[in-house]
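**Q** Pasting a structure here, questions to come.
Rule-based calculations on the coordinates, nothing more; no lab input. Since this is a predicted model, take the numbers as computed values, not measurements. Positions of Cβ are generated from backbone atoms using ideal geometry, with glycine treated the same way; all protein chains shown enter the neighbour counts.
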Amino acid sequence: MTKKNKSKPVFFEEGATDPVAAATGGQAATSQPQAPAAQLKRKAGFYLSQELLDRFNTKFYELKLADVAIDNKSGLLEIALEYALDDLDKGERSELMERIQRWIKA
């Protein structure tokens, strides 16, 4: 007779294969540490108009269909926000600052 293994499975073991990634053909999670930037990310909540959110979602899926290497919406938003902040750093030459001024006057 064979002995039954009475140990319980560990579902949240570090470095374990991600079952969703394995089932969908994605890369399995490894025991390698995450990139430093990924470890420093924090969740943020903002209110957006439905129109802007719809445009953002549409653009994200258009980029995915065009095989642009955008992993997720957070990545796209981070890139767009960084671009906007870089523009604001231009001071008087900032296109975004011009838009803000027009928005305030409206």
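**Q** Provide the gained length on full extension for the span N72 to L85, in nm with one decimal, where the gain is 0.36 nm per separating residue minus the Cα-Cα distance.
**A** Using 0.36 nm per residue and subtracting the Cα-Cα distance, I get 2.6 nm.
**Q** Then there's this: Please give the peptides 74-87, 92-105 ranked by average Cβ packing (other Cβ atoms within 10 Å per residue), highest first, as a rough proxy for protection.
**A** 74-87, 92-105
**Q** Per the Cauchy relation, a quarter of the hull surface: what is the mean projected area of the convex hull of the alpha carbons in segment 35-106, in nm²?
**A** 6.7
**Q** Okay, next question. Where in segment 63-83 does the amide nitrogen come within less than 18 Å of the point 7 Å from the Cα of L52, taken along Cα to Cβ?
**A** The answer is 73-83, whose backbone nitrogens lie closer than 18 Å to the label point.
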